[in-house]
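Participant: Structure in structure tokens, see below.
The values are calculated or read from the model by the stated rules, or taken from the named source; none is laboratory data. Not measured: the values here are computed from a predicted model. Note that we place each Cβ from the backbone using ideal geometry, even for glycine, and neighbour counts take in every protein chain shown.
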Amino acid sequence: MHEMSITKSMLEIIKDEMDKSKVSQLRSVRIKVGELTAVEPDALRFCFEASTKNTPLEGASLEIEEVPLKGKCRRCGNKFRIEAFVSRCPECGGADIEKISGTELDIVSIEAE
Amino acid sequence: MHDISVEQKILSKNDELAGENRELLTSKKIFSINMVSSPGSGKTSIIEKTLPYLKERIKIAVIEGDLQTDLDAQRVAKYGIPVKQITTGKACHLDAHNIHHVLPWVMEQDGIGLLIIENVGNMVCPAEYDLGEDMMITVMSTTEGDDKPLKYPAIFSSADVLLLNKTDLAPYTDFNIERAKENALRINPYLKIFETSCRTGAGIKEWSDFLAQTALNGHGKI
Ligand SMILES: Nc1nc2c(ncn2[C@@H]2O[C@H](COP(=O)(O)OP(=O)(O)OP(=O)(O)O)[C@@H](O)[C@H]2O)c(=O)[nH]1
Ligand SMILES: [Mg+2]
Ligand SMILES: [Zn+2]
């Protein structure tokens, strides 16, 4: 399960940021997970809880924003939600679609004191 | 209470290392591919079938990623090709760090033009981990169900090439090759698709020619 190694990377970043800001109590973490990533939010929550247990980070909440897959038509510029992975422009039928969201795997912010 | 803005990719460290790998390989004119699939789709078999076609045209090194054994590495070594085993233990994918450690070994080999990396058999986890490769190859076999691209979109979305393997078995399953292609292209319209069979050898030459040409044009050396 790669959610464990993703959690590890996430905690490294969090600890770095907390050191930089000289805080020690983590309250919450906000992340974005795109629809097209191979990351299961529930598995990620589970790993996050398991890896923070009995550490100074225990009890922090993990807020996951799931980002839907969206595309932009390169022919007419229309932006739309890509449903069931059918990347065809509903306006003009164009098939040359740029993915503009849904591939994120980002830490947005943390709350700590 | 501090609200600290981070705005960073969670795998930024991996991506940075992958970037370093890519730079190093490119500077040495080594073209690299990352082969991913479910366990048993035929990655090692395809490598075995491809080597005889490529050996004369380009110097090859292989990295084998596996959870436990070095059986795949042994299979490849029989072809007289330098091969390095990475045992990941519990990790279900290779990451850029694994590759970073092995690159000095690749550089020690003489005049390598193509580096083939076989990832751990897993349809989910390798998708998020850039290794620094030039081309990602997803292998899917006809015993797996032609809706697989819709179930595991990430691995098809990041791939450059799709090898539809075990076509010899297609008549015995309800796998529909055209539907599989359609589904894969729905996820990723830029996929280059080859149909292969390691049993009959069908499609192996086409795929090998494509790989050799891409590697040599890409920046591989003869
Ligand atoms: N009939 C048939 N069998 C194949 C074909 N390609 C591979 N196989 C068989 O499928 C099994 C698995 O093949 P491998 O090449 O070991 O698959 P792999 O993807 O490397 O497997 P892992 O490394 O364990 O993930 C072996 O028994 C192969 O002989 C094919 O085109 N047709
Ligand atoms: Mg194998
Ligand atoms: Zn359009």
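Participant: Check off (1) surrounded by fewer than 18 Cβ atoms within 10 Å (Cβ to Cβ); (2) at pLDDT 95 or above; (3) over 26 Å from B:LYS148 (Cα atoms) for B:GLY89 and give me the number that stays unchecked.
Facilitator: (2)
Participant: Residues of segment B:92-115 being farther than 26 Å from B:SER12 by Cα and crowded, with 21+ Cβ neighbours inside 10 Å, which ones?
Facilitator: B:ILE112, B:GLY113, B:LEU114
Participant: A:GLU113 - would you say it is within 12 Å of chain B (Cβ to nearest Cβ), under 20 Å from B:GLU182 (Cα atoms) and exposed (fewer than 13 other Cβ atoms within 10 Å of the Cβ)?
Facilitator: no
Participant: Sort out which residues of segment A:52-70 are over 16 Å from A:ARG30 (Cβ atoms) and touching a helix residue (DSSP H, G or I) at 6+ places or on another chain (Cβ under 7 Å), and write them in order of number.
Facilitator: Hit for segment A:52-70 is A:GLU58, nothing else.
Participant: Let me ask something additional. Using the structure shown, decide if B:SER41 is modelled with pLDDT of 95 or more and more than 22 Å from B:GLY111 (Cα to Cα).
Facilitator: yes
Participant: Okay, moving on. Pick from A:VAL23, A:VAL86: which is surrounded by fewer than 13 Cβ atoms within 10 Å (Cβ to Cβ), more than 16 Å from ligand 2 (Cβ to nearest atom) and β-branched (Val, Ile, Thr)?
Facilitator: Only one candidate qualifies: A:VAL86.
Participant: While we're here: How many residues, within segment B:158-203, are within 10 Å of ligand 1 (Cβ to nearest atom) and of a type in the set (S, T, N, Q)?
Facilitator: 5
Participant: In segment A:33-55, which residue that is away from chain B (no Cβ under 14 Å) and of a type in the set (Val, Ile, Thr) is farthest from A:THR7 (Cα to Cα)?
Facilitator: A:THR55
Participant: Which of the following residues is under 25 Å from B:ASP147 (Cα atoms), surrounded by 16 or more Cβ atoms within 10 Å (Cβ to Cβ) and more than 16 Å from ligand 3 (Cβ to nearest atom): A:GLU104, A:GLU66?
Facilitator: A:GLU104
Participant: Would you point out which residue out of A:ARG81, A:ARG88, A:ARG27, A:ARG45 is in contact (Cβ under 8 Å) with a residue 12 or more places away in the chain, within 16 Å of ligand 3 (Cβ to nearest atom) and basic (Lys, Arg)?
Facilitator: None of the others qualify; the one that does is A:ARG81.
Participant: In segment B:192-202, which residues are touching a residue at least 40 places away in the same chain (Cβ under 8 Å) and surrounded by fewer than 19 Cβ atoms within 10 Å (Cβ to Cβ)?
Facilitator: B:GLY201
Participant: If I filter segment B:9-51 down to residues being within 16 Å of ligand 2 (Cβ to nearest atom) and of a type in the set (Lys, Arg), which single residue comes out as farthest from the other protein chains (Cβ to nearest Cβ)?
Facilitator: Here the residue is B:LYS49.
Participant: Which members of segment B:44-63 meet the condition of being in contact with a Leu (Cβ under 9 Å, 6 or more places away or on another chain) and within 22 Å of B:VAL102 (Cα to Cα)?
Facilitator: Residues satisfying the conditions are B:THR44, B:ILE58, B:LYS59, B:ILE60, B:ALA61, B:VAL62, B:ILE63.
Participant: So in segment B:64-98, with the set limited to residues that are farther than 18 Å from B:MET123 by Cβ and within 14 Å of another protein chain (Cβ to nearest Cβ), which one is nearest to ligand 3 (Cβ to nearest atom)?
Facilitator: B:ALA96
Participant: Quick one: count up the residues across segment B:8-63 that are within 16 Å of ligand 1 (Cβ to nearest atom) and assigned to a loop (DSSP other than H, G, I, E, B).
Facilitator: The number of residues fulfilling the criteria is 5.
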